[in-house]
1. In segment 143-153, which residue that is under 17 Å from Thr204 (Cβ atoms) and not in a loop (DSSP other than H, G, I, E, B) is modelled with the highest pLDDT?
2. Given (1) in a loop (DSSP other than H, G, I, E, B); (2) over 23 Å from Thr192 (Cα atoms); (3) free of Cβ contacts under 8 Å to residues at least 24 places away in the same chain, identify the lone condition not met by Tyr170.
3. Among Thr131, Thr140, which is the only one that is in a loop (DSSP other than H, G, I, E, B) and farther than 29 Å from Glu88 by Cα?
4. With respect to Asn162, is the statement that it is without any contact (Cβ under 8 Å) to a residue 12 or more places away in the chain, of a type outside the set (D, E, K, R) and surrounded by 16 or more Cβ atoms within 10 Å (Cβ to Cβ) true?
5. May I ask you to list pairs of residues, at least six apart or on different chains, whose Cβ atoms are under 8 Å apart, with the first in segment 30-47 being in contact (Cβ under 8 Å) with a residue 40 or more places away in the chain and the second being β-branched (Val, Ile, Thr)?
6. For segment 217-226, give me the residue count where each residue is buried (at least 21 other Cβ atoms within 10 Å of the Cβ) and either among the basic types (Lys, Arg) or farther than 16 Å from Leu121 by Cβ (or both).
7. Residue check, Arg156 against (1) charged (D, E, K, R); (2) surrounded by 18 or more Cβ atoms within 10 Å (Cβ to Cβ); (3) part of a loop (DSSP other than H, G, I, E, B), all met but one. Which one?
Amino acid sequence: MKTKNRYDILIENLTIEFSRIKNFGLLQTDEKANRIFTFVIKRQAEILAFKTLFINYYLPAAAKSVADDLNEINKSKYKHLIQITREELKENYYETVRLGYIGMFHKYESYVNDLIVNAELLISELNEKNTSLETFLKDTFGFEIRKWHKSKNIQRINWISNSNKHFDGYPKKDYKPTEFENHPENEKLKLTKDDFIADTARLTEHYNYMLQLVLNLAIYKMLCADVMDLGSIDDSETKQKLIDGKNDLTEKMKAMIALM
């Protein structure tokens, strides 16, 4: 059976994700909406290529390097003087995995920053009050988009990244994820290929959720803050329907934020 092209799968999945964004259909013919779709495809293709690079190339090369070094030591006439175990030689392999986490978190930060920019662009023409999306969401919901620590999965990736960048791979003492609470602080993190695969999958899932969340909130801002003018409506029944609709949409946005 022929393996399906992974980029075909990516685009088909993203089409489904966009279909879940309420009211996005109002903007689908807009050049800005097409720009967002193109941006998201590009960024998710980047993380897919990044994952493939590590899984298919970097990690196999690191594993081969360990095997080659061990073989060279065993052939050395001075091997009795070389006190190093296979597990100690594997540190370069583990270092390669940890470097992948640094790359993952960097890509996540860049994705969120650019997602906000594109969401702002989507609604910019109707933003008469010139209030940024970030300011509006902080004032309205107390929600700060860039506060990645609200996500357990992103916090895990960031913690591993910082442990490698600033502590040479030793577990960072502060804000330890639950699964690392008992990890000896004098031993470097030894993450596996399976850990890396699982965390990149979680990152992709979070990409999709952030896409839905940010665009839904941008559209909410556009409809309820930038367009809706209840003061200009005299008919009480119409006004009440709009108020009820706004309140219902507000509760849905709060629920989405809570899932973060």
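The values are calculated or read from the model by the stated rules, or taken from the named source; none is laboratory data. Bear in mind the structure is a predicted one, so any value in this text is a computation, not a measurement. Neighbour counts run over all protein chains shown; Cβ positions are idealised from the backbone, glycine included.
1. Filtering first and then ranking leaves Asn153.
2. (2)
3. Details: Thr140 fails: in a loop (DSSP other than H, G, I, E, B).
After applying the criteria, what remains is Thr131.
4. Yes, satisfied.
5. Partner pairs satisfying both residue conditions: Gln44/Thr204; Ile47/Thr200; Ile47/Thr204.
6. Final tally of qualifying residues: 2.
7. All conditions are met except number (3).
The rows are residues; the columns are (1) of a type outside the set (Val, Ile, Thr); (2) farther than 30 Å from Ala218 by Cα; (3) surrounded by 19 or more Cβ atoms within 10 Å (Cβ to Cβ).
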position	(1), (2), (3)
Tyr93	yes, yes, yes
Tyr111	yes, no, yes
Glu120	yes, no, no
Ser124	yes, no, no
Phe141	yes, no, no
Asp174	yes, yes, no
Thr192	no, yes, no
Arg202	yes, no, no
